[in-house]
Amino acid sequence: MRKQILFTGLLSNKPEENPDFYNWNRVRIRYCDGASFAGEGYNEAAGLYFRGQRIFSAAMEDLMSKGMDSANQALLAGCSAGGLASILHCDEFRALFPGNTKVKCLADAGLFLDATDVAGGHTLRSFYDGVVTLQGVAKNLPGTCTAKMDATLCFFPQNLLSNIQTPTFLLNTAYDVWQIRQSLATKNADPKGYWQACKFNYSKCNDDQIKFLQGFRNQMLDATKGFSNLKQNGLFINSCFAHCQSEKQDTWYGDNSPAIENKGIAKSVGDWYFDRAEVKEIDCPYPCDKTCHNLVSS
């Protein structure tokens, strides 16, 4: 872990960088359990204890004792594994506060999909099954989900969104580069390297690959339909090749930040949080968006 972490984007204390949240108390909780703060198990053979849920509870208890219990407004936010944590713990976070406290949750790049990989398999489902089993996550997943389906499937946001009572905002790229590289076009799923160039540089994708990625985008939109229909929820899905947009200054709020219909991410999240407007922004499919900060690597 880096000794110091920059507080930029949503965590910035400068009004010109973060107009709606700059004067809030901002706390970053370091992530260390590997299961989005949901583990509760012990692996005797490996001598490993998993205590993610206890870490989350202890962190919240500590913050409440330091004054968070008197907050008028609270936002639980995270990106990537932290985005999944925001979804998993949203209602639990809400329950810490009195009913008259304004509490909402923001999940950035946490919409990991139970999607079919390029070989027709389920790479991420298999990976999640290992995490859920090893860490004893099932007991910390919503009973409303585990009563209907396998615990591993209940670790996927698409199967949890309908259960969340607290207002939640989903910020995600339609072509999430982490998912493309780590769950859709992995070495195991693509042993001959057909996807090698495309997965690191979208401009090198051929027509068939783009068609596959458009199918992934469609699956993401389908997964959020019911969620999006609820007035209290917000949505910003842009057609970019990136991962995490709320913590980086250039994507959160800047002169050329990503936008959908001229509305950027910080403005969208602020409008939703403060009830200034309903926000259900879904971009047209690639390659229409010229505002993206796409991640390309060699």
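The values are calculated or read from the model by the stated rules, or taken from the named source; none is laboratory data. For clarity, every value in this text was computed on a predicted model and none was experimentally measured. So basically every Cβ, Gly included, is an ideal-geometry build from the backbone, and we count neighbours across all protein chains shown. Please note that ligands, DNA and RNA were not included when accessible areas were found on the heavy atoms of the full protein model with its side chains. Shrake-Rupley method; radii C 1.70, N 1.55, O 1.52, S 1.80 Å.
Can you check what the net charge comes to around ASN188, using other residues whose Cβ is under 13 Å from the Cβ of ASN188 (Lys, Arg +1; Asp, Glu -1)?
After counting each charged neighbour, the total is +1.
Once you keep just the Cα pairs under 8 angstrom separated by 6 or more residues, what percentage relative contact order results for the chain? Please report the intermediate quantities before stating the final value.
Details: 512 pairs, mean separation 54.4, N = 298.
Computed over the chain, the figure is 18 percent.
Please get the size of the charge dipole for region 9-282, origin at its Cα centre, with Cβ charges of +1 on Lys and Arg and -1 on Asp and Glu, quoted in debye to the nearest 20.
I would put it at about 80 debye.
Can you give me the distance in nm between label points at ASP275 and TYR42, each placed 7 Å from the Cα along the Cα-to-Cβ direction?
Spacing of the two 7 Å Cα→Cβ label points: 4.7 nm.
Ordering CYS240, CYS79 by how much accessible area each has at a 1.4 Å probe, largest first, what is the list?
CYS79, CYS240
Using the Karplus equation 6.51 cos²θ - 1.76 cosθ + 1.60 (θ = phi - 60°), what ³J(HN,Hα) coupling, rounded to whole Hz, does each residue of region 251-268 give in order, writing x for Gly and Pro?
Karplus-based 3J(HN,Hα) across region 251-268 equals 9, 6, 7, x, 4, 10, 5, x, 8, 10, 6, 6, 10, x, 6, 4, 5, 5 Hz.
Just the accessible area for ARG125, please: 1.4 Å probe, Å², rounded to the nearest 10?
About 90 Å², ignoring ligands and nucleic acids.
When the Karplus curve 6.51 cos²θ - 1.76 cosθ + 1.60 is applied with θ = phi - 60°, which whole-Hz ³J(HN,Hα) does each residue of region 64-70 get, with x for Gly and Pro?
4, 6, 9, x, 5, 5, 9
Can you tell me how much longer the chain between LYS263 and ASP250 gets when fully stretched, taken as 0.36 nm per residue apart minus their C-alpha distance, in nm with one decimal?
Using 0.36 nm per residue and subtracting the Cα-Cα distance, I get 3.2 nm.
Along the charge dipole of the chain, Cβ charges K/R +1 and D/E -1, which of ASN233, ILE164, CYS79 sits furthest on the positive end?
Of the listed residues, the answer is CYS79.
So what is the accessible area of the chain per residue, in Å², with the probe set to 1.4 Å?
Averaged over the residues of the chain, the accessible area is 48 Å².
Any idea how far the Cα center of region 1-31 sits from the one of region 191-246, in Å?
Rounded to whole Å, the Cα centres lie 27 Å apart.
Please list TYR194, TYR175 from largest to smallest accessible area, probe radius 1.4 Å, with all protein chains kept in place.
Solvent-accessible surface, decreasing: TYR194, TYR175.
Taking θ = phi - 60°, what integer Hz values does the Karplus form 6.51 cos²θ - 1.76 cosθ + 1.60 yield along region 10-18, in sequence order, with x for Gly and Pro?
So the J values, rounded to whole Hz, are 4, 9, 5, 9, 10, x, 6, 9, 7.
Counting Lys and Arg as +1 and Asp and Glu as -1, what is the net charge of the other residues whose Cβ lies under 10 Å from the Cβ of SER80?
Net charge in that neighbourhood comes out at -3.
Could you sort ARG54, ARG181 by their accessible area in this structure, using a 1.4 Å probe and putting the largest first?
Reading off the accessible areas and sorting them downward yields ARG54, ARG181.
Once amide H atoms are built 1.01 Å from N in the peptide plane, which residues 5 or more positions from LYS280, or in another chain, come under 5 Å H to H?
The answer is LEU235.
What residues qualify as long-range amide H neighbours of TYR42, i.e. H under 5 Å apart, gap of 5 or more or another chain, H built at 1.01 Å from N?
Close amide H contacts, sequence-distant or interchain: PHE50.
Report, by chain and number, residues whose modeled amide H sits under 5 Å from the one on PHE169, excluding near sequence neighbours (fewer than 5 apart, same chain).
Distant-sequence amide H within range of PHE169: CYS105, LEU106, ALA107, GLY234.
Taking Cα atoms of region 9-282, Rg/Rh with Kirkwood Rh, to two decimals?
My calculation of the ratio gives 0.96.
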